[in-house]
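As structure tokens, the structure follows; a few thoughts come after it.
The numbers here are math on the coordinates, done by the rules we state, and not lab data. Since the model is a prediction, treat every value here as computed from it, not as a measurement. Note: ideal-geometry Cβ built from the backbone for every residue, glycine included; neighbour counts use all protein chains shown.
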Amino acid sequence: MTSEFISPRQTLSQWLGIETLFGKIVNLSIITLVSISSAIFVIQTYDLPPNIHQVLALANTCILIIFIFEYLLRLWCAEQKLEYFLSPYSLIDLFIFIPFILGLFSIHIGFSENLIWFRIFHLLRYLRAKTFLGIIDSEDNLIVTRIFFTLFSIIFVYSGLIYQIEHAINPQAFRHFFDALYFCIVTMTTVGFGDITPLSEAGRWITLAMILTGVTLIPWQVGDLVKHFVQDAQKVRVECQDCGLLLHDPDAKFCKHCGSSLVQFTNHIKSGFRKRT
């Protein structure tokens, strides 16, 4: 009996996935580093002693180097390298890494040299799976979490962009991240108090993008959330004996999560649905 040979690249690919315990630990560590780097960006927008700024900048650089190493490992493990290279998450990484690498050679291209916080979009990758690292298993909870986090990511990224664009030329209005966050929420909800306005052309283009997002994407996401709650209200609460999924359609014969038969609970489902209606 011969055992199947597993190449080092396949082994590493498993470690970078979320199917194994080690993979979950690795990806949870990446999520933690993304959160820390985003928090560092926010903290750095406030007035702090120079030594604190230096420590935060060093921590940010170390995290960015870890991200570059992780990206190279994922690219090496990918079976379709060109497809991975052109994927949205890869392009986000390149958008972050290239300015940093150019900066090492004293080639500066402006505000975009510090965009490590842009990697917060990577967290959406974990929410597209059937389970969030084994922490959130329910499909319903995943959908709600995905919608809320999408809205949070959009607001956070817009706030970061408008701050980095406007702070250098308009420091009185965009003093720190909270001012940018306030401007972003007021703009995207089309309230428009007018107490903070961008001065640069790039800032105005970002503001236009905020408004368009506020009147299109956000209502769409909120609509999906409301539709999800309405659909949940029409379901019945019967626990699957195999995977533990609680909510099922009234006419369900099989669990939509694991495929187990629900025939033995048909009477419970129908009676439960009649009670709710």
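Under 1.5 on a/c is rounded, so check that first for the range 22-106, then, if it is not, pick prolate when a/b is larger than b/c and oblate when it is not; a ≥ b ≥ c are the square roots of the alpha carbon gyration tensor eigenvalues. Could the numbers behind the result be given before it?
Details: a/c = 2.58, a/b = 1.66, b/c = 1.55.
Prolate, since a/c reaches 1.5 and a/b exceeds b/c.
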**Item:** Amide hydrogen neighbours beyond the local backbone of Thr189, cut-off 5 Å, H modeled
**Value:** none
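Can you order the peptides 212-223, 57-68 by their average number of other Cβ atoms within 10 Å per residue, highest first?
Values: 212-223: 13.2, 57-68: 15.1.
Going by the mean number of other Cβ atoms within 10 Å, highest first, we get 57-68, 212-223.
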**Message:** Can you tell me the length gained on complete extension of the stretch Phe69 to Trp205, counting 0.36 nm per residue apart and subtracting the Cα distance?
**Reply:** 45.6 nm
**Item:** Under 5 Å, built H, 5+ apart or other chain: amide partners of Phe254
**Value:** Leu262
**Prompt:** Taking the mean number of other Cβ atoms within 10 Å as a proxy for protection, how do you rank 7-17, 183-193 from highest to lowest?
**Reply:** 183-193, 7-17
